[in-house]
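These notes are about the structure you will find just below.
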């Protein structure tokens, strides 16, 4: 192991936001519940009204604090994010009774994205999902009148190269509101990122 | 029982939206999970960005399709709703793997609301929550720097008359997007309310 390697490891550890260890703990203590990786993503519609849906957490982009999700280019939320790339996730952990509200900028990584690291992350995300999940990207247009059952019976897509409408969706957190429902009063901490990317934290009233 | 009474009972049954029986079924089949009554409410902040937090379902206003929640007049969401009274809840039922996305207009019922029926609903909501829940409305301003522990040690508020900052929050649904994750392809139905209050439904691609 060279000194350079050690240094870069230390730097990447240092870059982890202070709320990351809390979230890792919550994920670990709720790991018996498959739906502890489900959370709700709020965006804003073209009409200005809010939208909200369940998405599945797919881990972090390596050496960053960006949360990964996947979505279909044809889904409503892609249009919303194109117009207004801000989101807030609400993530409730049933076993430990904790809530993370994470607000930040959303970034869609589609087939045309020119960043090689992001394009690779998109490909890995495709390879990591199940064949059943990959098949959904070959289904007819989401939200349109339901197609005949036969239209859903497609051969499974290639497991290596993502279909063009497969998108990686990244959330770059700017604010994290962490609430522990256990306890009276409950503990609540507010994490804020400044313009230089540094995080501060304060305890607030629940 | 007079004929009039029978008629009004029938009318109120007729006024229930077609998705109500689905939601009642989901609540029933998930009743062993206390957190099946928790859901996520998205609103829009003054900045235009979305907000999202967990709230607890408190039932429906009698003879209507309005969902009841409670909130503190001092909470951030009250300011958001005052500015822009639209919300979307995302309600995931873990046991049956169903999701309801319910969008509609939000209505805050505070101490000054002049509608006697709504004021009564607000009082009943106060009486139905636990003493611990009522105590939270006597706590210091939510979101401010955490007060000393002693400030949270207040005598329990009156159990009959709500504190002034106790609000009932109502959601009047306009659109319900119901998704059953079980099955391949999943079933998805879209319920829409027209200007006359009539609901239509269609099956759509998931």
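Values quoted throughout were computed directly from the atomic coordinates according to the rules given, and no laboratory measurement underlies them. Just so we're clear, the structure is a prediction, and the values are computed from it rather than from any experiment. Positions of Cβ are backbone-derived with ideal geometry, glycine not excepted, and every protein chain shown enters the neighbour counts.
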Note to self: Give the average, rounded to an integer, of partner chain Cβ atoms located within 10 angstrom of each Cβ in A:52-58.
What the structure shows: 5
Notebook entry, point to check: Angle between the Cα long axis of helix B:3-14 and the longest principal axis of chain B, 0 to 90 degrees, nearest 10?
Noted result: 90 degrees
Notebook entry, point to check: Of all the C-alpha pairs in segment B:86-167, what % are more than 20 Å from each other?
Noted result: 55 percent
Check: Counting only other chains, what is the mean number of Cβ atoms within 10 angstrom of the Cβ of each residue in peptide B:139-145?
Finding: 4
Note to self: How large is the translational diffusion coefficient of chain B in µm² per second when you combine the Kirkwood radius over alpha carbon pairs with Stokes-Einstein at 20 °C and 1.002 mPa s?
What the structure shows: 114 µm²/s
Next item on the list: Find how many whole Å separate the alpha carbon centroid of segment B:95-159 from the alpha carbon centroid of segment B:165-194.
Entry: 23 Å
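Relative contact order of chain A, please, whole-number percent, based on alpha carbon pairs below 8 angstrom and at least 6 residues apart. Each step should come with its number before you reach the end.
Working: 351 pairs, mean separation 41.4, N = 206.
20 percent.
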Next item on the list: For chain B, set up a Gaussian network in which alpha carbons nearer than 10 Å are linked by springs, and say which option among B:47, B:130, B:159 fluctuates the most.
Entry: B:47
Notebook entry, point to check: How far is helix A:20-29 tilted off the main Cα axis of chain A, in degrees rounded to 10, range 0 to 90?
Noted result: 70 degrees
Check: When chain B is modelled as a GNM with alpha-carbon springs shorter than 10 Å, which of B:16, B:108, B:163 fluctuates the most?
Finding: B:16
Next item on the list: Have a look at A:56, A:176, A:151 and tell me which one the Gaussian network model of chain A (Cα, springs below 10 Å) gives the largest fluctuation.
Entry: A:151
